[in-house]
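Quick notes on the structure that follows.
Bear in mind these aren't lab numbers, they're just calculated from the coordinates by the rules spelled out. Since the structure is predicted, the reported quantities are computational estimates derived from the model, not experimental observations. Glycine also receives a Cβ, built like all others from the backbone with ideal geometry; neighbour counts cover every protein chain displayed.
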Amino acid sequence: MNVSQKPPTIISPDRTLLGREAAPNVEYFEYDNRIVRNFAIATIIWGLVGMLVGVLIASQLFAPAANLGNQYTTFGRIRPLHTNAVIFAFVGNAIFMGVYYSLQRLCKARMFSDLLSRIHFWGWQAIIVSAALTLPLGYTTSKEYAELEWPIDIAITLIWVVFGVNMFGTIIKRRERHLYVAIWFYIATFITVAVLHLVNSMEMPVSFLKSYSMYAGVQDALVQWWYGHNAVAFFLTTPYLGMMYYYLPKMANRPVYSYKLSILHFWALIFIYIWAGPHHLLYSSLPDWAQSLGVVFSIMLIAPSWGGMINGLLTLRGAWDKVREDAILKFMVVGLTAYGMATFEGPMLSLKNVNAIAHFTDWVVSHVHVGALGWNGFLTFAILYWLIPRMYHTPLYSKKLLNAHFWIGTLGILFYAVPMYISGFTQGMMWKEFTPDGVLKYPSFLETTLQILPMHMMRALGGTLYLLGAILMAYNLFKTMAVGTLTANEPAEAPALERAYTPTGHDTYWHRWFERKPMPLLLGSLVVILIGSLIELVPTFMVESNVPTIASVQPYTPLEVQGRDLYIREGCVNCHSQLVRPFRSETERYGDYSKAGEFVYDHPFLWGSKRTGPDLHREGGKYPDSWHYHHMREPGSMSPGSIMPAYPWLLTQQLDVSNTSDKLRALQKVGVPYDDQTITYANDDLKTQAQGISDRLAKEGIKVQSDREIVALIAYLQRLGTDINKLEK
């Protein structure tokens, strides 16, 4: 950092707004724009990659040929690649871009350490590349938005700490006493994401890229959706709200509509949001009290969420003429509107009567993408369009392309969301419809799948339009960079922060204490988010009656453990749930509803969040072994019209049994009651069971060696949901 003392100069009038007198000395320093530029370029590149993969997987849901015929590009393998790319690569880099630019100017200080900035940037890109390599290879925990294996989780933790040190170091050495509202959201984001990541990522390693969740079944589900919902809250929402509070007033040249509303918005949002995770598990095996807490706080969440949206939109009071002329502000307005829509619909989806219809359907997919494409995407685009010309000191290359991007992107959102709403409603109604005779009108799940194919085609068109808009933006911004010149170290000046200070006038307002002290603000945020977290999580782990055991439920055999890991590797949980809810429509279609005690040995849980295919919890014994063999070889041979990809490699690849004992030993450490003898002779038991399946297949005219992967997968599928039947017998 370049800092020097020069003779006193005229101080800008805004230095007296908080009741201060101008400092006698002015310090000269430089803002680091290079790190902002780096994160901006990464945002653009990873955004294009993530959106391209999104269009590919959208196409796979109506054209199985789009799976490209190999095991590394199937929907199950690359769907988590898409979500990780858009959340952590596109949005993550955008957050760091927005924070690094705004934090320096709000603190009137260069970032604490240029070295930490570089470590943060390159470390985050390395994490993204590692995700892009491991997920298609099948190295996944299967936990939504937390699929990355344990070494990458450790790397994320280390880089997040680097970011935190750099951020708090900058705040501590600031030349502006007041911490603006954007910084509050940045601080809450940092501490909450850290807590969420650490708790949800507790894993027992088996090998370098294989682990098992420390939690099982119901408890794992609660921790995962406490994490999953709040990853949306504190990675996709709070940092963007902080950026909205900084960039929207700058773009509109207007003050924030209500500062007091921003205070209420901040504290209410972070307190209420953390409780809402259980609304993802309504009508599940989760205890009813936890489900009810999730519903109550989800409904309450409307107030602070809409408080933020209203504060943003009313900031534009008197600037609507400018909005009509400025496409960048149009992006902000549509983004805020999408935020309002998504945060209204989320609480509505948490109502049990709505959730009973919408859960597991495309309705939820549409809901998520209204937020992702509208709120995160459009705000990111606006900030990029606003930042790049300023850092390169040149006008935007083409305003026509800017306007074209806005309209193409808006059409893309509509073509994506509307068909998915229709598709979701269609699914929910068809799954539940009975004839006058009291039987399911559409007993085959495939009937619903075929009905919604046109909507999936429309969704892919919408995604393609959105991607096209992003390509126009990339071209526009890279041309702008080519014309201009980056000011890597932007000169700035500000009075040194006074050590002694007595508040006067309106500065006696109680919240000013938080607004001047970063560590109390950090601790206050931590306490607020821990209240709901502990009340929901601790009883579920400490009170045995929350997860009653079932005597007939036994651990998986060694072969079934290997088959379950293949199921996880292939990403089957991305399309199939393993949770029969207590509705007549589901028990008639699938079998007895799921009990909490059935999942006590499931590390991780595999309840799923979307039914692209039917539920599999009662799959065991439903079909002969040969059916599963042919279904994996060529799905259409067993289910004509199926959109499921074929898995021919399972029929030929040899099952790796070198780590069977290690897997059972790791599961033993997390509470699965395997004895030492079972672990020692695991592969002997595995081979015996595998030979039995191979012999049964041979009797049905299928010759397959007992050491093939398909045998292990069949063993697992035939086990699903059968323990409860043993008790009944």
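Scale the Cα Rg of the stretch 650-721 by the rule-of-thumb value 2.2 N^0.38 Å and send over the ratio, two decimals. Display every interim value, and only then the final one.
On the way: Rg = 13.3 Å, N = 72, 2.2 N^0.38 = 11.2 Å.
Normalised by 2.2 N^0.38 Å, the Cα Rg of the stretch 650-721 equals 1.19.
Scanning residues 5 or more positions from Gly591 or on other chains, none has an amide H under 5 Å from its amide H, with H placed 1.01 Å from N in the peptide plane.
Which of the peptides 167-177, 361-371, 272-282 is most tightly packed, and how do the rest follow, going by the mean number of other Cβ atoms within 10 Å of each residue? Intermediate values should be presented prior to the final figure.
On the way: 167-177: 18.6, 361-371: 22.3, 272-282: 26.2.
Listed from highest to lowest mean packing, they are 272-282, 361-371, 167-177.
At an R0 of 45 angstrom, the distance between the Cβ atoms of Lys687 and Lys322 translates into a FRET efficiency of 0.05. The packing ranking, built from the mean of other Cβ atoms within 10 Å per residue, places the peptides 197-205, 439-447 in the order 197-205, 439-447, highest first.
Set the Förster distance to 41 Å, then compute FRET efficiency between His178 and Asp288 from the Cβ-Cβ distance, nearest 0.05.
Values: r = 46 Å, r/R0 = 1.12.
For R0 = 41 Å, the calculated efficiency reads 0.35.
Given all pairs of different Cα atoms, what value in angstroms does the Kirkwood hydrodynamic radius of the stretch 230-294 take? Could you put the intermediate results ahead of the total?
On the way: mean 1/r = 0.0723 Å⁻¹.
The Cα-based Kirkwood calculation yields 13.8 Å.
Extents of the stretch 30-178, taken as max minus min of Cα coordinates on every principal axis and listed largest first, are 58, 27, 23 Å. Summing charges over neighbours of Trp150, with a neighbour being any other residue whose Cβ is under 9 Å away from its Cβ, gives -2 when K and R count +1 and D and E count -1.
All other residues with a Cβ under 12 Å from the Cβ of Glu433 taken together, and with Lys, Arg as +1 and Asp, Glu as -1, what is their net charge? Mind dumping the intermediate values first?
Details: positive: Lys432, Lys441, Arg584, Arg589; negative: Glu447, Glu588.
The answer is +2.
Can you give me the Kirkwood hydrodynamic radius for the chain, using every pair of distinct Cα atoms, in Å to one decimal?
Working: mean 1/r = 0.0367 Å⁻¹.
Mean inverse Cα-Cα distance, inverted, gives 27.3 Å.
Amide H contacts under 5 Å for Tyr212: Met204, Val206, restricted to partners 5 or more places along the chain or on a different chain, H placed in the peptide plane at 1.01 Å from N. Radius of gyration over Kirkwood radius for the stretch 294-352, both on Cα atoms: the Rg/Rh ratio is 1.12. The stretch 237-276 and the stretch 455-481 have their alpha-carbon centroids 28 Å apart. By the gyration tensor of its Cα atoms, with a ≥ b ≥ c the square roots of the eigenvalues, what is the shape of the stretch 558-728: rounded for a/c under 1.5, prolate for a/b over b/c, or oblate? Oblate. Computed over the stretch 111-218, the Cα gyration tensor eigenvalues convert (square root of 5λ each) into semi-axes of 31, 17, 10 Å, ordered from largest to smallest.
Checking understanding here: applying a Kyte-Doolittle mean of at least 1.6 and a length along the axis of at least 24 Å (C-alpha), which whole DSSP H helices in the chain pass?
Details: long enough: 34-60 (39 Å, 1.53); 114-134 (30 Å, 0.86); 150-172 (33 Å, 1.74); 181-200 (29 Å, 1.93); 217-234 (25 Å, 0.19); 327-349 (32 Å, 1.22); 399-432 (50 Å, 0.56); 453-483 (45 Å, 1.06); 518-542 (34 Å, 1.92); 682-699 (26 Å, -0.98).
Correct list, ordered by number: 150-172, 181-200, 518-542.
At 7 Å along the Cα-to-beta-carbon direction for both Thr487 and Met429, put a label point, then send me their distance in nm to one decimal. A separation of 5.9 nm, rounded to one decimal place.
For the stretch 251-361, divide the Cα radius of gyration by the Kirkwood radius and give the resulting Rg/Rh value with two decimals. Please report the intermediate quantities before stating the final value.
Numbers: Rg = 17.0 Å, Rh = 15.5 Å.
Checking Rg against Rh, the ratio lands at 1.10.
May I ask you to derive the FRET efficiency for Arg696 and Leu534 from their Cβ-Cβ distance with R0 = 56 Å, giving the value to the nearest 0.05? Provide the component values of the computation, followed by the final result.
Details: r = 50 Å, r/R0 = 0.89.
The value I calculate is 0.65.
Starting from the Cα-Cα distance between Val165 and Arg390, subtract it from 0.36 nm times their residue separation and give me the gain in nm to one decimal. Write out the running numbers ahead of the final one.
On the way: separation 225, 0.36 × 225 = 81.00 nm, distance 2.73 nm.
In short, 78.3 nm is gained.
Sparse packing (at most 16 other Cβ atoms within 10 Å of the Cβ) combined with a DSSP loop state is found for the following chymotrypsin sites (Phe, Trp or Tyr not before Pro) in the stretch 560-665: Phe583.
For the stretch 208-256, what is the Kirkwood hydrodynamic radius in Å, using each pair of distinct C-alpha atoms?
Values: mean 1/r = 0.0733 Å⁻¹.
Computed over the stretch 208-256, the radius equals 13.6 Å.
For Val26, the residues 5 or more places off, or on other chains, whose built amide H falls under 5 Å of its own are Lys6, Thr9.
With contributions of -39500 (n - 2.57) from each DSSP H run of at least four residues, the per-residue ellipticity at 222 nm computed over the chain stands at -19500 deg cm²/dmol.
Separation of the stretch 324-370 and the stretch 565-600, taken as the distance between their Cα centroids, equals 27 angstrom.
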